[in-house]
Amino acid sequence: MRVVPDTNTIVSGVIGTGPPRQLVSAVRRSDMELAISPALLAELLDVLGRKNFAVRLAQAGLTAAGIVDELRALARVVALDPDDDQVLARALTAGVDLIVSGHKRDLLPLGGYQGMPIVSAKDAGQRGGLA
């Protein structure tokens, strides 16, 4: 299964417990495939670099850069351009049923985002009974 988590989920999975930790552990075991964008990695580095995480990371023997490097190595990094990130953000905010894209190298290979399938316009038409 391929997953696209948000930054909060990854942070919770790295320094917390419960379902987010289980998700990160599943990715580490290769039971799940993590698909992330460079923008998410940059945001994660910024968030984990904040003072409020410094003590927790140090206690665990971790660094923000080390965590990001590990995730980059484990994940499928999908180089989305800023417009694609905005499409995903808008889809999530709107709670859409489908994300429709023609980006064969970027969005379509993800297959979905947060439970919303990412499909071509042709597939969207077929699903909507337009074909």
Of the numbered conditions (1) more than 19 Å from residue 89 (Cβ to Cβ); (2) touching a helix residue (DSSP H, G or I) at 6+ places or on another chain (Cβ under 9 Å), residue 55 satisfies every one except a single condition; which is it?
(2)
From the options 63, 17, residue that is of a type in the set (Val, Ile, Thr), over 12 Å from the mean Cα position of the chain (by Cα), more than 14 Å from residue 5 (Cβ to Cβ) and loosely packed, with under 12 Cβ neighbours inside 10 Å:
17
State whether one or more residues within the stretch 87-107 are modelled with pLDDT of 80 or more, part of a helix (DSSP H, G or I) and closer than 22 Å to residue 15 by Cα.
no
Could you please give the count of residues in the stretch 13-35 that are without any contact (Cβ under 8 Å) to a residue 60 or more places away in the chain and in contact with a helix residue (DSSP H, G or I) (Cβ under 7 Å, 6 or more places away or on another chain)?
11
Quick one: would you say residue 40 is within 14 Å of the chain's Cα centre (by Cα), in a helix (DSSP H, G or I) and in contact (Cβ under 8 Å) with a residue 12 or more places away in the chain?
yes
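The values are calculated or read from the model by the stated rules, or taken from the named source; none is laboratory data. Bear in mind that the values here come from a model prediction, so they are computed numbers and not experimental data. Don't worry about glycine lacking a Cβ; one is built from the backbone with ideal geometry, like all the others, and counts go over all protein chains shown.
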